[in-house]
Amino acid sequence: MRTALYEAASAMLVRSKKWCAVKAWGVKIAAKRGHKRAVVAVARKLAVVMHRMWIDGSAIRFSAQEEPSGSPKRGTKRTLAIASPESIEARMNDNMTTN
């Protein structure tokens, strides 16, 4: 798992052409502390997000339009947005009824 996270973080920083908040954060760290430390930091951030998704049973949201109602827990700002299983199921049901 450790190697896979490191490779994913490295690919995100080096090969990915799309910019996201995590990549911008990693590039900023790379400029200050070096590329290898930035890759490890991004890998850890990915691990924390994956762990939270596993614990919550939530899925990743790919757009800002899918904002959940209410404020985030503990007043923290999440880098990657996650959607609850209920909102995903509701969206799937809406898509089935409109088609």
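Observations
- Hey, K77 more than 15 Å from the chain's Cα centre (by Cα), exposed (fewer than 10 other Cβ atoms within 10 Å of the Cβ) and modelled with pLDDT under 95 or not: no
- Unmet requirement for W19, which otherwise passes all of (1) in a loop (DSSP other than H, G, I, E, B); (2) in contact with a strand residue (DSSP E or B) (Cβ under 7 Å, 6 or more places away or on another chain): (2)
The values are calculated or read from the model by the stated rules, or taken from the named source; none is laboratory data. A quick note: this is a predicted structure, and the numbers were derived from the prediction, not measured. Glycine also receives a Cβ, built like all others from the backbone with ideal geometry; neighbour counts cover every protein chain displayed.
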